[in-house]
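Report on the following structure.
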Amino acid sequence: MSSTTRDIDQLSEIKELPEGWRWVRLGEVCNKHTGIRDPRIEPDTIFQYVDISSVCNSKKCITVAKSILGKDAPSRARQIIRFNDVIVATTRPNLNAVAQVPKELDNQICSTGFCVLRAGESILPEYLFAFVCYELFVDALSDFVKGALYPAVNDGQVLAQHIPLPPLPEQQRIAAILKEQMAAVDKARTGAQERLRAIKALPAAFLRQILPDPGQPLPDGWRWAKLGEACVPDRKIVEPNTSHAKSLNYYSLEHIESETGRILKIPNDQPEDEGKSMTFQFDQRHVLYGKLRPYLNKVALPFSSGRCTTEMIPLLPCEGIDRIFLAWLLRRQETVEFAMQGKTGSRMPRADMDSLLMLKIPLSTFPQQKRIVALISEQIAAVEKARIAAEAELKAINTLPAALLRRAFNGEL
């Protein structure tokens, strides 16, 4: 299928264009020569460099540019960018890493991993930027890399995309409406995200109210103990590529939500490296403790049998220790900090389990543990309902930009 057929088909959901609008290619309305410069020509001059990591694909903006001496310029630092240029990342176009260049980066340099779109006389930069955020533009580019070993498009494929072009006054009107409405969406999104963060922080706040802090006097019936008195690691190995392994669902750290321990998705039947790595077996008696990057605070309560990556340790509660109570002790900030103090490795820190089991924890009697679990579980159930509602609100808000852009490019604003 030719690129012409492909991109027109992708835009087929746009109905007949309003009067005065026309279809054009991006290459027809953007300047063909945006300029290149080799910063190494001025080795001692500092320049601002925008690479792929500089662009936030969710916020659609340049978050940070790197200050680099000309002599240290990477080979891809060649393209001149100007105020209001629109840059489109050509690697993994489905991620839609796009941005409009702010005034402070005028005449600086971006990576050759971007297609630089500089608006000509017939198109406004704001209207052009809105279009490259549009899902159908993203889909059209993404079609070029389906099945490719290296998911990238070239500048020619970007410039070949069709855009519905209204007269300049209409572009200005549409751009102004989109700017106002997108700002309102961003404000709503920020508020929803803050509410969701506050809701997710509530369980930890409940625990701080119930569980004594180090140095505080203990209530009646409580005592200080070592973590190793409350649980034991249960490293029962499941050999890979066996019928037993294949009969058990597999959990990785990616399945576990930080702080809450919530299981985020249905575990895989098999890990990606099946046949190479051993795993640990667990069941509903265990607490799963994520030892890799302990600052992520991944502690889960499985409610069925399975096997997990060896980066998680199945802990078996000792007699007189409630499993849920143990999980809450492991999720305390004091536990996270202690694990990081005794960690091994820097780039990929891991909790040293022998050291962690020496942590002092507050223990109550088993009946008290049960009462605490019942009390906090009731509170957490209410929090879970609030979390579900907040996530639904945020999901609804996140659909608004696509709906606004769809209306804009259908001439419905």
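The values are calculated or read from the model by the stated rules, or taken from the named source; none is laboratory data. Remember, it's a predicted structure, so these values are computed and weren't measured experimentally. Don't worry about glycine lacking a Cβ; one is built from the backbone with ideal geometry, like all the others, and counts go over all protein chains shown.
Taking every residue in the stretch 202-227 that is farther than 20 Å from Ile321 by Cβ and pairing it with any residue that is assigned to a helix (DSSP H, G or I) and hydrophobic (A, V, I, L, M, F, W, C), at least 6 positions away or on another chain, the pairs with Cβ-Cβ distances below 6 Å are Leu202/Val383.
Scanning the stretch 245-261 for residues that are at pLDDT 90 or above and of a type in the set (Val, Ile, Thr) turns up just one, Ile256. Of the set (1) at pLDDT below 95; (2) in a helix (DSSP H, G or I); (3) touching a strand residue (DSSP E or B) at 6+ places or on another chain (Cβ under 9 Å); (4) not polar (S, T, N, Q), all apply to Val383 but (3).
What are the residues in the stretch 269-283 that are at pLDDT below 95 and out of contact with any Asp or Glu (no Cβ under 7 Å at 6 or more places or on another chain), if any?
Answer for the stretch 269-283, where residues must be at pLDDT below 95 and out of contact with any Asp or Glu (no Cβ under 7 Å at 6 or more places or on another chain): Asp269, Gln270, Pro271, Glu272, Asp273, Glu274, Gly275, Lys276, Ser277, Thr279.
Scanning the stretch 31-51 for residues that are surrounded by fewer than 18 Cβ atoms within 10 Å (Cβ to Cβ) and not in a loop (DSSP other than H, G, I, E, B) yields a count of 4. Among the residues of the stretch 227-250, those identified as surrounded by 13 or more Cβ atoms within 10 Å (Cβ to Cβ), aliphatic (A, V, I, L, M) and assigned to a strand (DSSP E or B) are Val232, Val238. Counting only residues that are under 17 Å from Gln333 (Cα atoms) and part of a loop (DSSP other than H, G, I, E, B), the stretch 350-378 holds 5 of them.
Only a single item in (1) at pLDDT 90 or above; (2) within 27 Å of Gln333 (Cα to Cα); (3) assigned by TED's automatic domain parsing to the domain that holds Leu326 is not met by Leu264, and it is number (1). Considering the stretch 378-413, and only residues there that are surrounded by 13 or more Cβ atoms within 10 Å (Cβ to Cβ) and among the polar types (S, T, N, Q), the residue that is nearest to Glu126 (Cα to Cα) turns out to be Asn410.
Restricting attention to the stretch 25-42, report how many residues are in contact with a His (Cβ under 9 Å, 6 or more places away or on another chain) and either over 26 Å from Ala160 (Cβ atoms) or basic (Lys, Arg) (or both).
1
Highlighted here are the strands (runs of 3 or more DSSP E) found entirely within the stretch 80-176 that include at least 2 residues which are in contact with a Phe, Trp or Tyr (Cβ under 9 Å, 6 or more places away or on another chain): 86-89, 98-100, 108-111, 162-165.
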